[in-house]
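The values are calculated or read from the model by the stated rules, or taken from the named source; none is laboratory data. What you see is a predicted model; the values in this text were computed from it and never measured. Here the Cβ positions follow ideal geometry from the backbone for every residue, glycine too, while neighbour counts run over all protein chains shown.
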Amino acid sequence: MDRSPRTLLIDPDPCVQRRAVKLLSESHRLELASTDATLWEQLDHRAPDLVLVAHRPPALDGLDLLRRLRGVRPDIARVALVPSKAVGLRDLALELGCDEIIDDRLDEMELRLILPRALMTSQRRLERVVYRKRVEQAANLGQELGERLRTLELQLDAHRLRARSNAELRAASSAVEAARALARVAEQVQPVMERELS
């Protein structure tokens, strides 16, 4: 099974696409796209591990794509391809949710350094999401168990009250039976005592 990351390059520039194929095809399962339509089609059934997005208005608004992708699938590593001189654009790309910035000329050394780091960042982010879900599930389970325990304690208290009432009822019944027995004895003894007294 191929463990190399599924990588989607979204850039309408054919020169960048050719360079990406040359530099990444051996270490990545690389797909090329000119628009973001490919990404949205893939999200449900075979989402990429890494998305490289260029910002080439008006053909492709890579910054908006990064922002939307962060909201929909925060587990996917996001790398913006930005010209090195566009400092403001680089800062904006980071604000909008990309993990890393790479010069849009695709320098080989930069790719080797930054793409694994972006994948690691997204992996850690995914682990944090999973951890938070597990903590939340544990908290919910603890709350459910606490509520169930309170219910059982109330039921136990009610059983104890009924048991105490039943014990008192049994004691009262025994007392009534003893009184009846004494009354029967008294009825039997009374004629004997009357005879002896007369």
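Scanning the stretch 53-104 for residues that are touching a residue at least 40 places away in the same chain (Cβ under 8 Å) and in contact with a His (Cβ under 9 Å, 6 or more places away or on another chain) returns GLY62, LEU65, LEU81, ASP104. The listed residues are GLU144, GLU127, GLU136, GLU110, and the only one of them that is surrounded by 10 or more Cβ atoms within 10 Å (Cβ to Cβ), over 23 Å from the mean Cα position of the chain (by Cα), part of a helix (DSSP H, G or I) and acidic (Asp, Glu) turns out to be GLU110. With respect to the conditions (1) closer than 24 Å to ARG125 by Cα; (2) assigned to a loop (DSSP other than H, G, I, E, B); (3) touching a Lys or Arg at 6+ places or on another chain (Cβ under 7 Å); (4) modelled with pLDDT of 90 or more, PRO12 lacks only one, and its number is (1).
Results for (1) at pLDDT 90 or above; (2) in contact with a Pro (Cβ under 7 Å, 6 or more places away or on another chain); (3) under 17 Å from VAL53 (Cα atoms), shown as yes or no for each residue.
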| residue | (1), (2), (3) |
| --- | --- |
| LEU119 | yes, yes, yes |
| ARG124 | yes, no, no |
| GLU153 | no, no, no |
| GLU177 | no, no, no |
| ARG184 | no, no, no |
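In summary, ALA118 fulfils each of the numbered conditions (1) without any contact (Cβ under 8 Å) to a residue 60 or more places away in the chain; (2) surrounded by 12 or more Cβ atoms within 10 Å (Cβ to Cβ); (3) assigned to a helix (DSSP H, G or I) with the single exception of condition (1).
Can you report the number of residues in the stretch 41-62 which are touching a helix residue (DSSP H, G or I) at 6+ places or on another chain (Cβ under 9 Å), more than 17 Å from VAL16 (Cβ to Cβ) and in a helix (DSSP H, G or I)? Qualifying residue count for the region: 0.
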